[in-house]
Amino acid sequence: MTVRRGSLAGLWVIEHEPNNDQRGFFLETARMDELEKALGEPVKFVQINHSHSHQGVLRGLHAEDWEKLIYVPHGEVLTAVADIRPESPTFRQVETFRLGAENRCMIFIPRRMAHGWCAISDEADYIYLVTKYYDGSDMQAVAWNDPDLAIPWPLPNPTLSERDRKNPSLRQLLPDLVPQPESRDIS
């Protein structure tokens, strides 16, 4: 198992090779001691969430005040992580991952970083452990198709929840920090 930094501040990727044989495979998906060593601090997950989606469903971009450790045990997804933390050196940057049977890695996402995913296969299961109990009071969200983030989603018209259809752009969420496009006088 290898724990390496992602391209965004505080993002970690956990990679491992499954032990394959004629029965299938065995995989140690994560070791908390290795993750804590990389983070330089203890981590305590208090809730495990499991989401099941059909092809074309997109969930996000959500940013809560908790850490997440995500894993896709079934199906294929495109996961996008966007740094919307104004104090971060990687503010407004995005990293994407294709997760599933071909890439059984896990992703550790720090607090307040926006995160979403889209089911690419017919069905996909998305499991994530979180370090705080969900109560809905601390969630921020950003539009899945925000032009400033320019996430390369694999489909133009995903199936979204009503809430995710209404998520604001990063410019709307942080108007003082995201410059408005220059207007052009074409007279």
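Read-outs: derived from the displayed coordinates by stated rules, not from any lab. What you see is a predicted model; the values in this text were computed from it and never measured. All Cβ positions, glycine included, derive from the backbone under ideal geometry; neighbour counts span all protein chains shown.
Before moving on, here are some points about what is shown:
- Per-residue HN-Hα couplings for region 4-13 [Karplus 6.51, -1.76, 1.60; θ = phi - 60°; Hz; x = Gly/Pro]: 10, 5, x, 7, 9, 4, x, 8, 10, 10
- Under 5 Å from the amide H of Thr131 lie the amide H atoms of Val46, Glu67, each residue being 5 or more positions distant or on a separate chain, with H modelled from the backbone and absent for Pro and chain starts.
- Highest-MSF residue in the chain out of Leu58, Leu27, Leu69 [GNM, Cα springs under 10 Å]: Leu27
- Among Arg31, Arg23, Arg98: highest mean-square fluctuation, GNM of the chain, C-alpha pairs under 10 Å: Arg23
- Applying 1/(1 + (r/R0)^6) with R0 = 30 Å to the Cβ-Cβ distance of His54 and Tyr134 gives a FRET efficiency near 0.85.
- Placed amide H near Thr159: partners under 5 Å, 5+ positions off or other chain: Val57, Leu58
- Residue-wise HN-Hα coupling along region 66-74, computed from phi with Karplus coefficients 6.51, -1.76, 1.60 (Hz; x: Gly, Pro): 8, 7, 10, 10, 10, 8, 10, x, 8
- Per residue, the convex hull around the alpha carbon atoms of region 1-144 comes to 112 Å³.
- Estimated vicinal HN-Hα couplings, Hz - region 26-36 in sequence order (Karplus 6.51, -1.76, 1.60; Gly, Pro = x): 10, 9, 7, 5, 7, 10, 4, 5, 5, 5, 4
- Using a simple spin-label model with pseudo-atoms 7 Å out from Cα toward Cβ, Asn103 and Asp176 lie 3.7 nm apart.
- Computed lengthening from Thr159 to Glu17, 0.36 nm per intervening residue step minus Cα-Cα distance: 47.8 nm
- Within region 61-140, the chymotrypsin sites (Phe, Trp or Tyr not before Pro) that combine a DSSP coil assignment with at most 16 other C-beta atoms in a 10 angstrom radius are Tyr133, Tyr134.
- For region 29-54 versus region 103-157, the spacing of their alpha-carbon centroids is 15 Å.
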